[in-house]
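> My questions all concern the structure below.
The values are calculated or read from the model by the stated rules, or taken from the named source; none is laboratory data. These figures come from a predicted structure and were not determined experimentally. Cβ sites come from the backbone with ideal geometry, for glycine too, and all protein chains shown count toward neighbours. Surface areas here come from the heavy atoms of the whole protein model, side chains and all, with no ligands, DNA or RNA. Shrake-Rupley method; radii C 1.70, N 1.55, O 1.52, S 1.80 Å.
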Amino acid sequence: MNKFSVIGQSVPRIDGWAKATGSAMYTDDLSLPGMLIGKLLRSPHAHARILSIDVSKALALPGVKAVITGNDPVTNKTTHWRMRPQLADMAALASDRVRFLGEEVAAVAAVDEDTAIEALSLIKVEYEPLPGVFTIEEAIAENAPRVHDEFDRNINPSVSLPVSYGDVEKGFAESFHVRTDKFSTPTVIHAYMEPHSALASYEPPGKLTLWASTATPYYLKGDVAQVMGLRESDVRVIKPYLGGNFGGRNVPFALDFCAGLLSMRSGKPVKITYDRKEEFNAAGRRHAARLELKTGVSKEGILLAKEISVYLDGGAYNGFGPTVTFLSGLYHTVVYRLPNYKFNGYRVYTNNPIAIGMRGFCGPQAHFAAETQMDMIAEDLGMDPVELRLKNVIKTGEIVPTVGVIKSCGLTEALNKVSSAVNWSGRPKEKGTGKGMAITCFGQMSGANFNFYNTPYAYSGAEIRAYPDGTLTLFSLAADVGQGSDTLLCQIAAEELGLKIGDVRFIGNDTAVDPVDLGAYSSRQTMFSGNAVLAAARDLKQQLFEAASPKLETSVIHELEARDGRIQVKGSAKRGMTFGEAVMCVLRAKGGKEVSGFGTYTPRGKGTATPAVGYGVAAAEVEVNKETGVTRVTRFTMAHDCGTNINPMAVEGQVYGSIQMGLGYALSEKLIIDKGRVMNANFLDYKMPSTLDMPEMVSFAIDTVDPEGPFGAKESGEGPINCVAPAITNAVYNAVGFRVMELPVRPDDILGLRKDKKG
Amino acid sequence: MKKTISLDVNGATYETAAEPQDTLLDVLRGNLRLTGTKKGCETGNCGACTVLFDGNAVDSCLILALEAEGHKIITIEGLADASKLHPLQQAFIKYGAIQCGYCTPGMLLSAKALLDRLPRANEEDIRKGLEGNLCRCTGYKQIVEAVEAVVRGEFK
Ligand code: FES
Ligand code: FES
């Protein structure tokens with residue numbers, strides 16, 4: 001039986017009405033009186049020196065109100081890396097050199113879009129093209145052209161330090177079987193449906209309001225202030241409704257700065273919205289990766305040592321890449337018990353657009369390699385791949401050196417659940433029949449403990465105000481990017497205070513109003529923001545209990561409870577008062593001061609990387625047409641341990657969305673980049689799964705309770721994607737009998753591999 | 001050169017000035033401030049800009065505003081009655097078919113056109129009917145389930 005009243009319910013999202021009626025406003029839907037339209041001039045070269053920029057003709061065009069270039073005093077580097085300023089490597093606009101095709105060199109604001117576009121064509125930029133590097137192999141070659149002059153072979157050594165524990169050499173020496181395999185994954189793109197947009201309104205003498213499609217309003221506020229030379233809180237960032245994120249809106253882009261600068265220059269509000277081509281050419285993307293895994297096992301199939309080397313194509317600048325690099329190793333340590341581990345990760349600069357975090361933050365790359373190799377090892381040992389996994393998966397209470405104590409882990413249960421759901425033991429074992437099945441595992445952090453921004457604030461803060469009519473307002477800067485965090489946070493507040501979800505109003509998305517929260521990345525909103533909301537609710541509840549207790553003639557407040565809209569003596573609805581009456585008691589006692597609770601969450605001393613790890617297991621069932629090479633996923637099953645499942649319908653939505661994105665990663669998605677130019681910069685040639693590509697999907701929740709999570713909950717937005725691609729490609733292997741070491745697996749690859757095999 | 005055109009949108013008549021190259025999408029969002037119709041690609045590949053055009057679901061980014069004269073346009077703002085959400089809207093909310101919501105207006109109008117044509121649409125019909133609407137968030141499952149629930153008559 002559910003011991004909660006709101007937690008665990010499939011509560012419909014609180015913004016459902018707004019979104020279903022078209023009244024939800026996204027950034028590009030906003031407009032202000034006198035608003036100008038901004039456009040960005042982009043480099044046609046992947047690598048070139050800028051010799052001169054002449055904007056005089058553009059400025060002279062009627063209707064043009066402002067033009068800025070990298071030579072204007074806006075050269076402050078843009079970055080989240082306040083803690084490690086040596087990683088800040090990109091300016092709002094390029095000034096002396098462009099490093100990727102599509103890099104922004106100038107921005108204009110004009111009375112309408114057509115005029116702005118015409119003005120761009122009147123800006124004269126003289127370039128001196130430079131040789132570029134476009135693949136990891138080219139970039140790390142001896143004497144390769146340098147993307148940034150200071151870094152030989154295009155590796156910034158301070159991006160990532162080697163990590164190791166135990167003694168891998170000893171582990172390999174003791175192993176019965178050791179194998180080394182190489183894997184390769186492509187560049188893919190977030191492709192959230194809403195293109196980036198920013199609307200800035202500058203009011204002299206020095207206040208800026210910026211409406212932006214960001215998932216991290218707090219960081220953006222600081223970044224924009226720094227570039228514009230304002231004090232941090234002179235900038236107010238408001239996040240309107242957001243049309244998807246998947247990690248693509250965790251770093252600032254040129255439009256965020258240029259909208260502000262152009263507004264400052266022109267004295268008018270300025271809006272810049274990317275078109276889809278700009279998204280494909282110049283927004284962030286997932287790192288392409290080359291991975292080498294050396295793994296040793298005992299005769300019984302116990303993992304003894306793993307050595308990992310990863311090269312990531314970072315593109316021209318750092319973005320969120322250093323974190324991605326570090327994490328590309330961490331995933332290997334949280335799923336299976338590893339006594340000896342060694343990781344070397346390199347993020348390589350190339351003249352491609354910038355790679356940043358994308359759903360899973362390098363989890364999909366790492367899991368593709370790890371989970372493929374697990375199946376290979378099982379085959380080498382003549383062991384059932386599920387049995388091999390069961391022998392090695394982490395269990396609750398184990399200590400992982402890179403993380404700390406794993407306080408909850410449902411992997412064993414999830415493996416058993418999925419195996420029985422798909423009748424794993426009864427599957428046809430013969431390979432090459434055209435049908436195949438495979439099972440894989442994943443782990444994912446529930447929020448990052450790193451303070452790369454050097455923030456003095458708590459990582460998440462929340463305030464709850466209570467009113468005598470029995471309602472609440474919840475203030476939080478957590479970013480609902482579509483995943484439903486607003487709803488979930490209201491559920492947490494309502495549960496703790498014994499109210500209904502309809503009693504809570506959510507006021508978020510505004511840095512001038514809400515307590516600081518670092519925003520939506522690293523799957524942190526449930527764990528971090530949820531804990532802050534829970535703490536705020538407890539603070540408020542304490543005040544209500546203190547005021548109510550004398551009236552209810554209880555001397556000790558722990559005899560009270562907040563339940564069913566009442567503050568009452570535990571288990572006795574008669575000896576109580578309504579929630580609103582209790583609020584009135586506090587209000588009176590405080591002489592009319594707002595009744596309000598505050599809470600924060602910072603995971604100090606709660607592990608090195610993350611306070612908790614979300615887990616899960618997937619099974620893919622595929623059919624491969626041996627004539628056409630087409631793979632069809634017929635059914636996809638996922639069991640997800642996200643701790644206490646706060647909103648099953650929302651969690652299922654995350655699982656299904658992850659399966660969809662992982663399916664694209666496995667079978668069809670890849671940015672084709674030729675000498676820095678994206679050749680498939682549209683939805684026709686970049687193939688994302690449509691309704692017709694989706695398999696039957698089954699989702700199970702594995703019940704665990706993580707002691708660190710709010711009501712026991714942990715992540716669910718990212719982890720499930722991690723193991724989708726290897727589940728599919730391992731199933732393809734079982735269907736066709738030859739193995740794919742590179743994603744995606746398209747029909748031609750299957751036909752080609754078949755030929756290789758024959759030839 | 002701007003030309004004055006008259007558009008029939010959600011049962012009302014709008015007079016507005018449009019350039020010959022302006023798309024219906026631009027005029028709906030810009031001139032009429034009906035921003036519920038979304039812009040995802042402007043090349044007819046995502047379906048975010050779907051509106052009903054004489055009852056058919058079309059990509060409004062592929063239609064010139066001038067061509068829309070004399071046709072009945074329904075946008076997401078015209079789907080609900082004044083008093084009550086359309087059954088599809090109710091179902092989308094109840095079944096978790098909405099995440100970021102950016103594809104939702106287009107998805108709803110494609111679903112409406114489908115059910116007007118095929119009131120007893122089965123799962124396969126629904127998948128085919130929504131094929132042109134990309135959603136990056138949901139994996140489509142809860143969207144298809146919501147439409148199925150409407151077919152079953154679960155929402156009035
Ligand atoms: S905006 Fe019209 S189909 Fe994408
Ligand atoms: S709900 Fe986000 S694109 Fe469909």
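Residue by residue, here is whether (1) assigned to a loop (DSSP other than H, G, I, E, B); (2) surrounded by fewer than 20 Cβ atoms within 10 Å (Cβ to Cβ); (3) not assigned by TED's automatic domain parsing to the domain that holds A:Gly482 holds:
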site: A:Asp28; (1), (2), (3): no, no, yes
site: A:Leu40; (1), (2), (3): no, no, yes
site: A:His45; (1), (2), (3): yes, no, yes
site: A:Leu51; (1), (2), (3): no, yes, yes
site: A:Ala58; (1), (2), (3): no, no, yes
site: A:Pro62; (1), (2), (3): yes, yes, yes
site: A:Val67; (1), (2), (3): no, no, yes
site: A:Asn71; (1), (2), (3): yes, yes, yes
site: A:Met83; (1), (2), (3): yes, yes, yes
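> Still on this structure: Condition first: at pLDDT 95 or above, closer than 17 Å to A:Leu330 by Cβ and open to solvent by 50 Å² or more (accessible area, probe 1.4 Å). Now tell me which residues in the stretch A:374-402 satisfy that.
Listed by number, the list holds a single entry, A:Ile399.
> Any residue at all in the stretch A:244-261 that is at pLDDT 95 or above, surrounded by fewer than 24 Cβ atoms within 10 Å (Cβ to Cβ) and not in a loop (DSSP other than H, G, I, E, B)?
Checked the stretch A:244-261: no residue is at pLDDT 95 or above, surrounded by fewer than 24 Cβ atoms within 10 Å (Cβ to Cβ) and not in a loop (DSSP other than H, G, I, E, B).
> Given the conditions (1) more than 15 Å from ligand 1 (Cβ to nearest atom); (2) outside the structural domain of B:Asn10 (by TED's automatic domain parsing); (3) surrounded by fewer than 18 Cβ atoms within 10 Å (Cβ to Cβ), which single one is not true for B:Glu131?
The single condition B:Glu131 does not satisfy is (1).
> Moving on to the next point. Please pick out the residue among A:Ala173, A:Ala212, A:Ala225, A:Ala191 that is open to solvent by less than 10 Å² (accessible area, probe 1.4 Å) and free of Cβ contacts under 8 Å to residues at least 40 places away in the same chain.
Numbers: A:Ala173 fails: open to solvent by less than 10 Å² (accessible area, probe 1.4 Å); A:Ala212 fails: free of Cβ contacts under 8 Å to residues at least 40 places away in the same chain; A:Ala191 fails: free of Cβ contacts under 8 Å to residues at least 40 places away in the same chain.
Sole residue among the options that is open to solvent by less than 10 Å² (accessible area, probe 1.4 Å) and free of Cβ contacts under 8 Å to residues at least 40 places away in the same chain: A:Ala225.
> Oh, and also: Given the options A:Ala215, A:Ala198, name the one that is more than 16 Å from ligand 1 (Cβ to nearest atom) and either of a type in the set (Val, Ile, Thr) or away from every other protein chain (no Cβ under 14 Å) (or both).
Working: A:Ala215 fails: either of a type in the set (Val, Ile, Thr) or away from every other protein chain (no Cβ under 14 Å) (or both).
One residue alone meets the criteria, A:Ala198.
> Please identify the pairs in which a residue from the stretch B:94-107 that is in contact (Cβ under 8 Å) with a residue 24 or more places away in the chain and within 15 Å of ligand 1 (Cβ to nearest atom) has its Cβ atom under 7 Å from the Cβ atom of a residue that is assigned to a loop (DSSP other than H, G, I, E, B) and of a type in the set (Lys, Arg), counting only partners at least 6 apart or on another chain.
B:Tyr102/B:Lys38; B:Pro105/B:Lys38; B:Gly106/B:Lys38
Residue-wise test of (1) in a strand (DSSP E or B); (2) among the small types (Gly, Ala, Ser).
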site	(1), (2)
A:Leu390	no, no
A:Gly397	no, yes
A:Pro456	no, no
A:Gly470	no, yes
A:Leu474	yes, no
A:Asp480	no, no
A:Thr487	no, no
A:Gln491	no, no
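> Got a sec? Which of A:Ser164, A:Ser201 is small (Gly, Ala, Ser), assigned to a strand (DSSP E or B) and not assigned by TED's automatic domain parsing to the domain that holds A:Asp256?
Details: A:Ser201 fails: not assigned by TED's automatic domain parsing to the domain that holds A:Asp256.
So the residue among A:Ser164, A:Ser201 that is small (Gly, Ala, Ser), assigned to a strand (DSSP E or B) and not assigned by TED's automatic domain parsing to the domain that holds A:Asp256 is A:Ser164.
> Further question: Could you go through the stretch A:720-734 and let me know if any residue there is without any contact (Cβ under 8 Å) to a residue 24 or more places away in the chain and in a helix (DSSP H, G or I). Walk me through how you get there before you give the answer.
Narrowing the stretch A:720-734 to residues without any contact (Cβ under 8 Å) to a residue 24 or more places away in the chain: none.
Looking for residues that are without any contact (Cβ under 8 Å) to a residue 24 or more places away in the chain and in a helix (DSSP H, G or I), one finds none in the stretch A:720-734, hence no.
> Name every residue in the stretch A:428-438 that is touching an Asp or Glu at 6+ places or on another chain (Cβ under 9 Å) and either open to solvent by less than 40 Å² (accessible area, probe 1.4 Å) or not in a strand (DSSP E or B) (or both), in order of residue number. Don't jump to the end; show me each part of the working.
Step one: filter the stretch A:428-438 for residues touching an Asp or Glu at 6+ places or on another chain (Cβ under 9 Å), giving A:434-438.
Scanning the stretch A:428-438 gives A:Gly434, A:Gly436, A:Met437, A:Ala438.
> Against the condition more than 16 Å from ligand 2 (Cβ to nearest atom), surrounded by fewer than 23 Cβ atoms within 10 Å (Cβ to Cβ) and facing another protein chain (nearest Cβ under 9 Å), how does B:Glu69 come out, does it pass?
no
> State whether one or more residues within the stretch A:464-473 are under 23 Å from A:Tyr241 (Cα atoms), among the small types (Gly, Ala, Ser) and either at pLDDT 95 or above or surrounded by fewer than 22 Cβ atoms within 10 Å (Cβ to Cβ) (or both).
no
> Right, here's the next one. Name the pairs: first residue in the stretch B:40-63 and in contact (Cβ under 8 Å) with a residue 12 or more places away in the chain, second residue outside any loop (DSSP other than H, G, I, E, B) and of a type in the set (Lys, Arg), Cβ to Cβ under 6 Å, at least 6 apart or on different chains?
Listed pairs, sorted by first residue: B:Cys41/A:Arg276; B:Asp54/B:Lys72.
> Need a quick list: strands (runs of 3 or more DSSP E) entirely within the stretch B:42-147 having at least 2 residues that are among the charged types (D, E, K, R) and modelled with pLDDT of 95 or more. It would help to see each step written out before you state the result.
Values: elements: B:50-53, B:56-59, B:72-74.
Where strands (runs of 3 or more DSSP E) fall fully within the stretch B:42-147, none carries at least 2 residues being among the charged types (D, E, K, R) and modelled with pLDDT of 95 or more.
> Could you give every pair whose Cβ atoms fall below 7 Å, whose first residue belongs to the stretch A:309-324 and is over 21 Å from A:Pro145 (Cβ atoms), and whose second residue is of a type in the set (Lys, Arg) and modelled with pLDDT of 95 or more, counting only separations of at least 6 or pairs across chains?
Going by the 7 Å Cβ cut-off, the qualifying pairs are A:Pro322/A:Arg347.
> State yes or no: is A:Gly530 part of a helix (DSSP H, G or I), not assigned by TED's automatic domain parsing to the domain that holds A:Asp234 and not basic (Lys, Arg)? Spell out how you get there, then give the answer.
Numbers: part of a helix (DSSP H, G or I): yes; not assigned by TED's automatic domain parsing to the domain that holds A:Asp234: yes; not basic (Lys, Arg): yes.
Criteria met by A:Gly530.
> Look through the stretch A:1-26, keep the residues that are within 14 Å of another protein chain (Cβ to nearest Cβ), among the aliphatic types (A, V, I, L, M) and open to solvent by less than 50 Å² (accessible area, probe 1.4 Å), and return whichever of them is farthest from B:Ala97 (Cα to Cα). Before you say what the answer is, go through the steps one by one.
Initially, the stretch A:1-26 is screened for residues within 14 Å of another protein chain (Cβ to nearest Cβ), giving A:9-26.
Within this subset, residues satisfying the condition of being among the aliphatic types (A, V, I, L, M) are A:11, A:14, A:18, A:20, A:24-25.
Adding the requirement that they be open to solvent by less than 50 Å² (accessible area, probe 1.4 Å) leaves A:11, A:18, A:20, A:24.
Numbers: A:Val11: 13, A:Ala18: 14, A:Ala20: 10, A:Ala24: 16 Å.
In this case the residue turns out to be A:Ala24.
> Here's another thing I want to ask about it. From B:Ala121, B:Ala91, B:Ala111, which residue is aliphatic (A, V, I, L, M), under 12 Å from the mean Cα position of the chain (by Cα) and more than 8 Å from chain A (Cβ to nearest Cβ)? Let's see the steps before the verdict.
On the way: B:Ala121 fails: under 12 Å from the mean Cα position of the chain (by Cα); B:Ala91 fails: under 12 Å from the mean Cα position of the chain (by Cα).
When all the criteria are applied, what remains is B:Ala111.
> Residue by residue through the stretch B:14-43, note down the ones that are open to solvent by 50 Å² or more (accessible area, probe 1.4 Å) and either more than 9 Å from ligand 1 (Cβ to nearest atom) or in the same structural domain as B:Cys100 (by TED's automatic domain parsing) (or both).
The initial filter retains those residues of the stretch B:14-43 that are open to solvent by 50 Å² or more (accessible area, probe 1.4 Å), namely B:14-15, B:20-21, B:26, B:31, B:33, B:42-43.
Scanning the stretch B:14-43 gives B:Tyr14, B:Glu15, B:Pro20, B:Gln21, B:Asp26, B:Asn31, B:Arg33.
> Which pairs turn up if I take residues in the stretch B:15-26 that are at the interface with chain A (Cβ under 10 Å from one of its Cβ atoms) and look for partners that are within 16 Å of ligand 2 (Cβ to nearest atom) with beta carbon separation below 8 Å, at least 6 apart in sequence or on another chain?
As it stands, the answer is none, since no pair meets every condition given.
> Restricting to the stretch B:44-63, name every residue that is in contact with a helix residue (DSSP H, G or I) (Cβ under 7 Å, 6 or more places away or on another chain) and either more than 9 Å from ligand 1 (Cβ to nearest atom) or open to solvent by 50 Å² or more (accessible area, probe 1.4 Å) (or both). Step through it out loud before you land on a result.
Looking only at the stretch B:44-63, we keep the residues that are in contact with a helix residue (DSSP H, G or I) (Cβ under 7 Å, 6 or more places away or on another chain), and these are B:44, B:47-52, B:55-57, B:60-61, B:63.
Matches in the stretch B:44-63: B:Val51, B:Leu52, B:Gly55, B:Asn56, B:Ala57, B:Ile63.
> Being open to solvent by 10 Å² or more (accessible area, probe 1.4 Å) and touching an Asp or Glu at 6+ places or on another chain (Cβ under 7 Å): is that true of A:Ser184 here? Write out each step before concluding.
Working: open to solvent by 10 Å² or more (accessible area, probe 1.4 Å): yes; touching an Asp or Glu at 6+ places or on another chain (Cβ under 7 Å): yes.
Criteria met by A:Ser184.
> Now, a different point. Among the candidates A:Glu495, A:Glu463, single out the residue that is more than 16 Å from ligand 1 (Cβ to nearest atom), under 27 Å from A:Gly653 (Cα atoms) and more than 14 Å from chain B (Cβ to nearest Cβ). Outline the logic, then answer.
Numbers: A:Glu463 fails: under 27 Å from A:Gly653 (Cα atoms).
Going through A:Glu495, A:Glu463 in turn, just one is more than 16 Å from ligand 1 (Cβ to nearest atom), under 27 Å from A:Gly653 (Cα atoms) and more than 14 Å from chain B (Cβ to nearest Cβ): A:Glu495.
> Between a first residue in the stretch A:660-676 that is away from every other protein chain (no Cβ under 14 Å) and a second residue that is open to solvent by 50 Å² or more (accessible area, probe 1.4 Å), which pairs have beta carbons less than 6 Å apart while being 6 or more apart in sequence or on different chains?
A:Ile672/A:Met679
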